[in-house]
1. Show me 228-238, 79-89 ranked by packing, highest mean number of other Cβ atoms within 10 Å first.
2. Given a cut-off of under 8 Å on Cα pairs at least six residues apart, what relative contact order in percent is computed for the range 8-128?
3. Taking 0.36 nm per residue of sequence separation and subtracting the Cα-Cα distance, how much length would be gained by fully extending the chain between residue 136 and residue 82, in nm to one decimal?
4. Just round it to a whole percent: the fraction of Cα-Cα distances in the chain exceeding 28 Å.
5. In whole Å, what three semi-axes, largest first, describe the equivalent ellipsoid of the range 211-272 built from its Cα gyration tensor (square root of 5 times each eigenvalue)?
6. Based on the inverse mean of 1/r over its pairs of different Cα atoms, what is the Kirkwood hydrodynamic radius of the range 54-138, in Å?
7. Give me the Kirkwood hydrodynamic radius of the range 58-106 in Å, from all C-alpha pairs, to one decimal place?
8. Working out 0.36 nm times the residue gap between residue 19 and residue 71, then minus their Cα-Cα distance, what length gain in nm do you get to one decimal?
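Nothing in this text is a laboratory measurement; each read-out follows from the coordinates by a stated rule. As the structure is a computational prediction, the values presented were derived from the model and not from experiment. For neighbour counting, all protein chains shown are included, and Cβ atoms are generated from backbone atoms with ideal geometry for every residue, glycine included.
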Ligand SMILES: C[S@@+](CC[C@H](N)C(=O)[O-])C[C@H]1O[C@@H](n2cnc3c(N)ncnc32)[C@H](O)[C@@H]1O
């Protein structure tokens, strides 16, 4: 079977990733949100594994993703606080190179339980294939400066040469930190974006991750191949296509086991 890019494939990543590797396919960015093993109902048992089985399949998937990356490629992998430590360990063991453990922070978390803190974040790991080269488009994901005062009054710092230097704000905004703050798709405010998928990610978050980690061409446009092997309701494809509508050249591929999520993803794409 041939896989063209910019499409959704209904199938099992545990099989398809091996086939893609054999066909010589490679990706600049694998940006994915796999089952966290929290017993969610995706219409299959993929989120209901014993811990040893979850870690076994996760290791296999990470090894395949590592081999599917281009030499300068990156793997961005969402997880949950329960298991992210195991997954980070697996990534080190597979020879990938640690770049950052990031946090997706949301203020609008919800909890029924009162005997533990409310969950307000999901971690996501960024590892690169190479220890030396990777893509991070720092200027594309700058955020507004918090303090107006800091922008108006001169700020001094000690340079590496020991000299006192005047700090000047970057006109494009402050450098983003590793805490990425976007609300979850809860409530009326997100009713238009939200589908029936139980763990749909916000487009704002995924779009910024694409902007941060997708390579660019000499014209400054995003041009790269992106894979999401656990595509769900299709957020990655939707975000890539919205960027492509602005003139970028992202080739993407989403794999999803369940027909119903593929249908929803196709519907979302057709609405763009
Ligand atoms: C956490 S959800 C992804 C949600 C997605 N990021 C979104 O915004 O809609 C994980 C998805 O992976 C799918 N899945 C589980 N095992 C799979 C496999 N072996 N191959 C392909 N998809 C799989 C599930 O059906 C589920 O829809």
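1. Taking the mean over residues of other Cβ atoms within 10 Å, the ranking is 228-238, 79-89.
2. It rounds to 27 percent for the range 8-128.
3. Roughly 16.7 nm would be gained on extension.
4. Counting every Cα pair in the chain, those more than 28 Å apart make up 38 percent.
5. Semi-axes (√(5λ), whole Å): 23, 12, 7.
6. 14.1
7. 11.6
8. Full extension from residue 19 to residue 71 adds 16.8 nm.
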